[in-house]
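**Student:** Quick one: the structure is below, questions incoming.
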Amino acid sequence: MSDVILSFENIEKSFFGVRVLKEITLGVPRGKVLGLVGENGAGKSTLMNLMGGVHAPDGGQMLLDGKPYAPRTPSDANDAGIAFIHQELNLFTNLSIAENIFIDGFPRMRWLPLLNRRHMRVRTQQFLDAVELDVSPDTLVEKLSPGERQLAEIAKALSFDARIIIFDEPTTSLTARETERLFRLIDRLRSDGASIIYISHILPDVLRLADEIAVLRDG
């Protein structure tokens, strides 16, 4: 098995005639943390959007486990086991944690058109235990602190067996205590075999977590 789970080979991307990514070649190490740094406008977000199926590259290719990877939608990325923990979290605040986790496919009772809420609660509790978030699966997201919302987002990533988890400036809204809890969780995810991409402008945090570091400069 290759030491690289995802690779970018000579990736190019332009918007309105402006080249944002120029022949980017990069490998994401399997079961490790890759720190991705660069100034604003360097192309970090664009590279992640290509991985997440938001945009398609103009040239080059991506390989996942050595096979061509060309997601056309974010759902394609999720199906491939790639999860994003964005700076602005993608949770519905008016729904419970369990409802957010199962929103793409609510389990139903056999023979009845009713949601199987017991199954949702049991499974969600397992994911919450995995990220050490001590709240009820029925808790509304709007009741959670920023750090707890982030853990709920990570729990959702675990629910579809994400193999690659991308953290985009994850500590922006966190307290020092919440940041340290996040770092412990990332260390544990790595120990469990997940591949992590950690994007941050806070260099000491990157140095604390990353096994490898890639620097993007003007694409």
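The values are calculated or read from the model by the stated rules, or taken from the named source; none is laboratory data. Computed from a predicted model, the values in this text were never measured in an experiment. Reconstructed Cβ throughout: ideal geometry from the backbone, glycine too, with neighbour counts over all protein chains shown.
**Student:** Out of the residues in segment 90-145 that are exposed (fewer than 14 other Cβ atoms within 10 Å of the Cβ) and basic (K, R), which is modelled with the lowest pLDDT?
**Tutor:** Among residues in segment 90-145 that are exposed (fewer than 14 other Cβ atoms within 10 Å of the Cβ) and basic (K, R), the one modelled with the lowest pLDDT is R108.
**Student:** Filter segment 64-78 for residues that are under 27 Å from V141 (Cβ atoms) and either without any contact (Cβ under 8 Å) to a residue 12 or more places away in the chain or more than 14 Å from the chain's Cα centre (by Cα) (or both); which is surrounded by the fewest Cβ atoms within 10 Å (Cβ to Cβ)?
**Tutor:** Checked segment 64-78; the qualifying residue surrounded by the fewest Cβ atoms within 10 Å (Cβ to Cβ) is T73.
**Student:** For residues that are in a helix (DSSP H, G or I), among the charged types (D, E, K, R) and touching a Ser or Thr at 6+ places or on another chain (Cβ under 8 Å), tally how many sit in segment 160-193.
**Tutor:** 1
**Student:** Going residue by residue through segment 194-202, is there one that turns out to be of a type in the set (S, T, N, Q) and not in a helix (DSSP H, G or I)?
**Tutor:** For segment 194-202, residues of a type in the set (S, T, N, Q) and not in a helix (DSSP H, G or I): present.
**Student:** Looking only at segment 1-19, how many residues end up being modelled with pLDDT of 90 or more and either in a strand (DSSP E or B) or under 15 Å from L216 (Cβ atoms) (or both)?
**Tutor:** The number of residues fulfilling the criteria is 12.
**Student:** Please go through segment 165-207 and give me each residue that is among the basic types (K, R), farther than 15 Å from P146 by Cα and surrounded by fewer than 17 Cβ atoms within 10 Å (Cβ to Cβ), ordered by number.
**Tutor:** R184, R188
**Student:** Only one of Q87, Q61 is on the phi < 0 side of the Ramachandran plot, surrounded by 12 or more Cβ atoms within 10 Å (Cβ to Cβ), among the polar types (S, T, N, Q) and modelled with pLDDT under 90. Can you tell me which?
**Tutor:** Residue meeting the stated conditions: Q87.
**Student:** What are the residues in segment 33-54 that are buried (at least 17 other Cβ atoms within 10 Å of the Cβ) and outside any helix (DSSP H, G or I), if any?
**Tutor:** Correct list: V33, L34, G35, L36, V37, G38, A42, G43, G52, G53.
**Student:** Just need a number here: residues in segment 71-92 that are in a loop (DSSP other than H, G, I, E, B) and touching a strand residue (DSSP E or B) at 6+ places or on another chain (Cβ under 7 Å).
**Tutor:** Total satisfying the criteria: 4.
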